[in-house]
Amino acid sequence: MIQVIPSIAIRKGRVVKMRKGDPASEKAYEENPVDLAKRFEDHGIEVLHLVDLDGAETGAPKNLHVLEQIAGYTDLKLDFTGGINTDGDIGNAYNYGADYITASSIAIAKPELFASWIVSYGREKMTLGADVTDIITKKVAFRGWQNKSEVNLFEHLQFFYDKGLKYAKCTDISRDGVLEGPAFSFYQEIKNQFPDLQILASGGVRGADDIKKLNDMGIFAVIFGKAYYEGILKLEDLKQFLVK
């Protein structure tokens, strides 16, 4: 069964969401991150994706205190991302309560370093964030999606797959926050190329039907956000995916 993972994106301590990664479209929600995390946990969610947007854009984690609060008040498994660029950043994230790390910019800037983390911290603990601005050119974006590299997604995935990568979070940024449905063909293409890679699909989820389709495709996990915050996706809708 596909794993359903809510996303909480933090900027300056507030829960926010953007359209297509555009900071100008940012919308803040009057939600306390800890209360929100507890609500997810109360409905059977087991893993939370916590995005430090300030960290992603500056290159060093800035919202570790939010991570610490959520870890202190819930038993959720926490996947932390945003600004992870050094072993010290990883150590701090773990010390503040992270269970897993998702990193993207460092994999572009220093691929050998990220590859070494897969070995030193374990492939169960490290997820590659590999997000693209469009699914035609497949150029990987980084630094909070504000920069586009010349790195091709499939070449990027292949490099780390050969180094033991098990998990990859892939987003079609053009669909993120616009509620037009996931890029199903994009995920199918990745799965066809890397059948043993555990894919975390992110971007465009509208509701349970989208999640079911991803599940039927054999996608490992789905990350959702905007649909929930806008009241379109109800936590009750997820019960069918939370059966033990």
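The values are calculated or read from the model by the stated rules, or taken from the named source; none is laboratory data. Predicted model only: the values in this text are computed from it and were never measured. In this analysis, Cβ positions are derived from the backbone assuming ideal geometry, glycine residues included, and neighbour counts consider all displayed protein chains. Note: areas computed on protein heavy atoms with side chains; ligands, DNA, RNA excluded. Shrake-Rupley method; radii C 1.70, N 1.55, O 1.52, S 1.80 Å.
Annotation for the range 3-11: at least one member residue is touching a helix residue (DSSP H, G or I) at 6+ places or on another chain (Cβ under 7 Å), open to solvent by 20 Å² or more (accessible area, probe 1.4 Å) and not in a helix (DSSP H, G or I). Restricting attention to the range 135-151, and to residues there that are under 17 Å from the mean Cα position of the chain (by Cα) and in a loop (DSSP other than H, G, I, E, B), which single residue is farthest from F194 (Cα to Cα)? That would be Q146. Could you tell me whether D75 is farther than 25 Å from E180 by Cα and acidic (D, E)? Answer is yes for this residue. Selection of the range 22-38 for residues being surrounded by 21 or more Cβ atoms within 10 Å (Cβ to Cβ) and modelled with pLDDT under 90 yields an empty set. Here K110 fulfils each of the conditions (1) open to solvent by 60 Å² or more (accessible area, probe 1.4 Å); (2) under 15 Å from D196 (Cβ atoms) apart from (2). Listed by position, the helices (runs of 4 or more DSSP H) contained in the range 152-244 that have at least 1 residues being among the small types (G, A, S) and out of contact with any His (no Cβ under 9 Å at 6 or more places or on another chain) are 184-193, 208-217, 226-229. Annotation for the range 184-199: no member residue is open to solvent by less than 50 Å² (accessible area, probe 1.4 Å), at positive phi and not basic (K, R). Given the condition at pLDDT 95 or above, closer than 16 Å to L165 by Cα and surrounded by fewer than 16 Cβ atoms within 10 Å (Cβ to Cβ), answer yes or no: does some residue in the range 124-137 qualify? Yes, because at least one residue in the range 124-137 is at pLDDT 95 or above, closer than 16 Å to L165 by Cα and surrounded by fewer than 16 Cβ atoms within 10 Å (Cβ to Cβ). Residue pairs, Cβ under 6 Å, 6 or more apart or interchain, first in the range 71-99 and crowded, with 21+ Cβ neighbours inside 10 Å, second acidic (D, E) and assigned to a strand (DSSP E or B). List them. Qualifying pairs under 6 Å: G82/D52; G83/D52.
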